[in-house]
1. Report, by residue number, each residue of the range 11-52 that is within 11 Å of PHE207 (Cβ to Cβ) and either in contact with a strand residue (DSSP E or B) (Cβ under 9 Å, 6 or more places away or on another chain) or open to solvent by less than 80 Å² (accessible area, probe 1.4 Å) (or both).
2. How many residues does the range 34-66 hold that are hydrophobic (A, V, I, L, M, F, W, C), in a helix (DSSP H, G or I) and closer than 21 Å to ALA213 by Cβ?
3. Among the residues of the range 56-66, are any within 23 Å of PRO170 (Cβ to Cβ), modelled with pLDDT of 95 or more and among the polar types (S, T, N, Q)?
4. Considering only the range 159-175, I want to know if a residue exists there that is open to solvent by less than 50 Å² (accessible area, probe 1.4 Å), touching a Gly at 6+ places or on another chain (Cβ under 8 Å) and modelled with pLDDT of 80 or more.
5. Residue by residue through the range 181-203, note down the ones that are in a loop (DSSP other than H, G, I, E, B) and touching a Phe, Trp or Tyr at 6+ places or on another chain (Cβ under 7 Å).
6. For the range 19-37, what are the residues that are without any contact (Cβ under 8 Å) to a residue 60 or more places away in the chain, closer than 23 Å to GLN182 by Cα and small (Gly, Ala, Ser)?
7. Is it the case, given these coordinates, that ALA8 is free of Cβ contacts under 8 Å to residues at least 60 places away in the same chain, under 27 Å from ALA214 (Cα atoms), open to solvent by less than 30 Å² (accessible area, probe 1.4 Å) and under 19 Å from the mean Cα position of the chain (by Cα)?
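The values are calculated or read from the model by the stated rules, or taken from the named source; none is laboratory data. These numbers were taken from a predicted model, which means no experiment stands behind them. We place every Cβ from the backbone using ideal geometry, glycine too, and count neighbours over all the protein chains shown. In case anyone asks, the SASA skips ligands and DNA or RNA and just uses the protein heavy atoms, side chains included. Shrake-Rupley method; radii C 1.70, N 1.55, O 1.52, S 1.80 Å.
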Amino acid sequence: MRDGIHAAVIMDGNGRWATRRGLPRAAGHRRGARAVRRTVEAAPDLGISTLTLFAFSSDNWRRPPEEVGALMDLFERYLKQEIGRCVEEGVRVAFVGRRERLSEPLRRAMLRTERETAAGEVLDLRIAVDYSARDAILEAARRCSGAGPASREEFSRELAGESANAERSPDVDLLIRTGGEQRLSDFLLWEAAYAELVFTPVLWPDFGKDDLAAAVREFRRRERRFGRVPEPVAAAAG
């Protein structure tokens, strides 16, 4: 894992953003794609070296077929449009989640994106598609079974799955959820064990560099002890 912050974002609020404006939900998803670009561009300057975005959960298949289809079409177009920019800006892209339920053209676009951005060294961008943390943990446990007890590091490598650009599934430092809800929604449950959680009412299509910077400032204000006692207490005890 690279030095720097691993920030993960649950990108929530596209549908509500569109509904409040009398627009179809697909319009909110299209506007949300702009927020993805803004966030990716802003991340390195804020000390973020790994950025994981929750694009589509395994539970999202329950949405109306028309909305799911529009999301998948948008995702494929986005990859084709942004791959050149990612290469130029040193963004290394990896995908986490299941792939067998995605269309063949989309799977090809994902694999091409991973291969062509593999040399990126500025930002590791991980995109979660058809992703469920509980399913990922179960699958990793199945792969580890019969091989003796796996270490946490070995298990994290198993969680990386089939991505061509992911050696292991890195621990999350900062987890942001937009849209005002305050839950993890089956996202990176293993990796976020000690993540600092930041919830913002800003809907994802409106999320920008200033919002990301505010979350990073909040993260840096917090004391991360990982089960240890605060330093003054430890010093006094010594």
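1. MET11, ASP12, GLY13, ASN14, TRP17, GLY32, ALA35, VAL36, THR39, ALA42
2. Residues of the range 34-66 that are hydrophobic (A, V, I, L, M, F, W, C), as a first pass: 35-36, 40, 42-43, 46, 48, 51, 53-56, 61.
Filter again for in a helix (DSSP H, G or I), leaving 35-36, 40, 42, 46, 61.
Narrowing further to those that are closer than 21 Å to ALA213 by Cβ: 35-36, 40, 42, 46.
Count: 5.
3. First, the residues of the range 56-66 that are within 23 Å of PRO170 (Cβ to Cβ): 56-58.
Still in the running and modelled with pLDDT of 95 or more: 56-58.
Now narrow it down to the ones that are among the polar types (S, T, N, Q): 57-58.
Yes - at least one qualifying residue is present in the range 56-66.
4. no
5. Of all residues in the range 181-203, those in a loop (DSSP other than H, G, I, E, B) come to 181-195, 200-203.
GLN182, PHE187, TYR194, LEU203 - these are the residues of the range 181-203 that are in a loop (DSSP other than H, G, I, E, B) and touching a Phe, Trp or Tyr at 6+ places or on another chain (Cβ under 7 Å).
6. Quick first cut of the range 19-37, residues without any contact (Cβ under 8 Å) to a residue 60 or more places away in the chain only: 19-27, 29-30, 33, 36-37.
So of that shortlist, the ones also closer than 23 Å to GLN182 by Cα come out as 19-20, 25, 29, 33, 36.
Within the range 19-37, just ALA33 meets the criteria.
7. Numbers: free of Cβ contacts under 8 Å to residues at least 60 places away in the same chain: no; under 27 Å from ALA214 (Cα atoms): yes; open to solvent by less than 30 Å² (accessible area, probe 1.4 Å): yes; under 19 Å from the mean Cα position of the chain (by Cα): yes.
In short, no.
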